[in-house]
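J.: Okay, handing you the structure first.
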Amino acid sequence: MKKIAIVTGASSGLGSHFVRQLDLKYNLDEIWMVARRENKMKKIASKLKKTKAILIKCDLSNLDDINKTSNKLKKEKAKVMFLINSAGFGKIGSFHELSLEEQMAMIDVNIKALTAITYKVLPYLSKGSKIIQVASSAAFLPQPGFNVYAATKAYVLHFSKALSVELKSRNIGVLALCPGPVKTEFFEIASSDGKPLDWKAKFMVNAKDVVAKALNDAQSNKMESVYSFYMKLLKISSKIIPHELILKYFKWN
Ligand SMILES: NC(=O)c1ccc[n+]([C@@H]2O[C@H](COP(=O)([O-])OP(=O)(O)OC[C@H]3O[C@@H](n4cnc5c(N)ncnc54)[C@H](OP(=O)(O)O)[C@@H]3O)[C@@H](O)[C@H]2O)c1
């Protein structure tokens, strides 16, 4: 039976680096790349060294489209060694400023699609398989001005941690990846001027490094991957300092 990885959000950013690093570091037969932009996926696929890429053009805000991946799995009965849910997006702005449509779409992609894909892929995972769910450091505490996005990522973090306990007896690892700001296309979509807020720009890191650490952490069967000293500090602070105090005194925008 062929061994495969499934990577959503494979057309850019963290997802594209997962595809590249899986290709170099593991002996997989195929990497199934899932995203809407086929041309971008083709470019990334053409540069893979060892692994065959299978492109699945799919809009994850549409639950019917999600079945494209699970139907293909049903047909081919491949063994999924890695499921990496990296597709996601955020929109900066207060709840009342952003449109209902874009906030519902964040819930559709960041929560519903991730949950549905995980559920549908689960039967094809086995001993030693890894699930990596891309959450965010935004999951650590509520974020005014990035409200619904941060709430979707809090869901991803809690869902992943509980799932890692549920799947322990099957020897399947589940890692929640919680990066701070990363240099990708993310902020082009998130903010109206295409740039991160000034205080976030100071903590920007490279996608390649975040992904390398996440793959190592998954191999070490960790539940959570947090890259950089400042994000680790944020995680600890958000556990020690009451959220009410942080929300009252921190200048968010
Ligand atoms: N960059 C950061 O600062 C940062 C920080 C913390 C967490 N994250 C999280 O990291 C993950 C990856 O983001 P990134 O930074 O790599 O940003 P990115 O470069 O914008 O990548 C986002 C990916 O998600 C895919 N996607 C978005 N909506 C989709 C939809 N409706 N259907 C299918 N695919 C969809 C995009 O593909 P198509 O557009 O081709 O469909 C793209 O491949 C996201 O979950 C994000 O929330 C990012």
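The values are calculated or read from the model by the stated rules, or taken from the named source; none is laboratory data. Predicted, not measured: the structure shown is a model, and the values here were computed from it. Heavy atoms of the whole protein, side chains included, go into the accessibility calculation; ligands, DNA and RNA do not. Shrake-Rupley method; radii C 1.70, N 1.55, O 1.52, S 1.80 Å.
J.: Please list 3J(HN,Hα) in residue order for region 55-70, calculated via the Karplus relation 6.51 cos²θ - 1.76 cosθ + 1.60 where θ = phi - 60°; whole Hz, with x for glycine and proline.
T.: 9, 10, 6, 7, 9, 6, 7, 10, 4, 5, 5, 4, 5, 4, 6, 6
J.: Could you check which residue among Ala218, Ala78, Ala138 shows the biggest mean-square fluctuation in a GNM of the chain with a 10 Å Cα cutoff?
T.: Ala78
J.: Per residue, how many Å² of accessible area does the chain show with a 1.4 Å probe?
T.: Value for the chain: 50 Å² per residue.
J.: Quick one: which residues, 5+ away or cross-chain, put their amide H under 5 Å from the amide H of Trp32? H built at 1.01 Å from N.
T.: The list, which skips near neighbours in sequence, is Ala5, Ile6, Val7, Ile54.
J.: What ³J(HN,Hα) values, in whole Hz, does the Karplus curve 6.51 cos²θ - 1.76 cosθ + 1.60 give for region 190-205 when θ = phi - 60°, with x put for Gly and Pro?
T.: 6, 10, 5, 9, x, 10, x, 4, 3, 5, 6, 4, 5, 9, 5, 10
J.: Please report the carbon-and-sulfur percent of the accessible area for the chain; probe 1.4 Å, protein heavy atoms only, DNA, RNA and ligands left out.
T.: Carbon with sulfur: 56 percent of the solvent-accessible area.
J.: How large is the translational diffusion coefficient of the chain in µm² per second when you combine the Kirkwood radius over alpha carbon pairs with Stokes-Einstein at 10 °C and 1.306 mPa s?
T.: Approximately 86 µm²/s, per Stokes-Einstein.
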